[in-house]
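Taking it in order: structure first as structure tokens, then the write-up.
The values are calculated or read from the model by the stated rules, or taken from the named source; none is laboratory data. Computed from a predicted structure; not experimentally measured. Because the Cβ atoms are built from the backbone with ideal geometry, glycine has one as well, and the counts that use them run over all protein chains shown. Calculation scope for accessible area: heavy atoms of the full protein, side chains included, ligands and nucleic acids excluded. Shrake-Rupley method; radii C 1.70, N 1.55, O 1.52, S 1.80 Å.
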Amino acid sequence: MFGQKKQTAWFFDSSVHLEAVSRLLYLIEVGEPFGVICGSDGCGRTRILARLRQETERTGKLVVALNVSGLDEKAALLELAMSISSATRRGMAWHELVLLLRDEIAGRIHCGVQTVILIDDLHRAQSDMAPFLRLLTALNAGCSISGSRGKLTVVVATDRPLTNGLALESLLQIQLTPLNSTESADFIRALAERCRLPAGCLDDGAIRAIHDMSLGNTARMARVCELITVLLEASPEIQVTAETISAVMSELVPRAVA
């Protein structure tokens, strides 16, 4: 589906990510309408949403995951409607899509089903998504008026805080931070095992170097581990040290830290 990106099923249980998931699960459980995850690219926003979806679906809620990268507000509304209602048709007008969404969500409310909408990569949308988000908050308000507060929750992931008054709609704003050196070491060892690297191929100096050069960013550390995997496939006898990491990074900096 256009606008969607491949999700990974692997989730690293760092304290930063676990706390974020726990807080968002509580937000959904108590029926709050809106939450935001902020953090730089590679900090784990998408992984958190994937874990949140997995945990939330276990409780019988309807979860819709929508990546709005490259979409404008009309395209995002269409993708959301198609995910919720089989009656959606391409070419429907904005007001038709709004009415369709309203009726579908109202029907689920009548059946006691909570709807959770997870929106990823808001900062990569093609246009200002404020009208789209305000529409969702209006649907929330409609739920409250009908006496069914808490039946629609929206969680947004972006690289920056929301503006234009939307921040006031969010009752939970999570700011993700890079992993510290201890958690980075755990992450790198777990990733090395996942990549089936030989046991002990990374010494402590190499692990510290990966953390320092990646600044605790999980995506960057994952990229370095991919490069090490390629290196060991070509030269399996190599012991990876801090000097090895520096050499690899100096040759591939644009690809490794972009």
* Only one of (1) free of Cβ contacts under 8 Å to residues at least 24 places away in the same chain; (2) crowded, with 19+ Cβ neighbours inside 10 Å; (3) not aliphatic (A, V, I, L, M) is not met by Asn67, so which one is it? -> (1)
* Hey, Ser127 small (Gly, Ala, Ser), closer than 28 Å to Arg45 by Cα, modelled with pLDDT under 95 and assigned to a loop (DSSP other than H, G, I, E, B) or not -> yes
* Structure fact -> The residue that is nearest to Ala65 (Cα to Cα), considering only those in region 91-117 that are touching a helix residue (DSSP H, G or I) at 6+ places or on another chain (Cβ under 6 Å) and not hydrophobic (A, V, I, L, M, F, W, C), is Thr115
* Could you please let me know if Arg102 is closer than 25 Å to Leu27 by Cβ, surrounded by fewer than 20 Cβ atoms within 10 Å (Cβ to Cβ), more than 25 Å from the chain's Cα centre (by Cα) and of a type in the set (Lys, Arg)? => yes
* Checking Gly216 against (1) open to solvent by less than 50 Å² (accessible area, probe 1.4 Å); (2) assigned to a helix (DSSP H, G or I); (3) within 21 Å of Gly44 (Cα to Cα), which single condition isn't satisfied? -> (2)
* Residues located in region 166-193, provided they are part of a loop (DSSP other than H, G, I, E, B), farther than 17 Å from Gly42 by Cβ and open to solvent by 80 Å² or more (accessible area, probe 1.4 Å) -> Leu171
* Structure fact -> Note on region 151-166: residues without any contact (Cβ under 8 Å) to a residue 60 or more places away in the chain and more than 24 Å from Glu104 (Cβ to Cβ) are Thr163, Asn164, Gly165
* **Subset of region 39-58 [out of contact with any helix residue (DSSP H, G or I) (no Cβ under 8 Å at 6 or more places or on another chain), open to solvent by 60 Å² or more (accessible area, probe 1.4 Å) and touching a residue at least 12 places away in the same chain (Cβ under 8 Å)]** => Ser40, Arg53
* Of the residues that sit in region 199-210 and are exposed (fewer than 12 other Cβ atoms within 10 Å of the Cβ) and outside any helix (DSSP H, G or I), which one is modelled with the lowest pLDDT? -> Ala199
* Condition met for Leu135 (out of contact with any His (no Cβ under 9 Å at 6 or more places or on another chain) and farther than 27 Å from Arg45 by Cβ) -> no
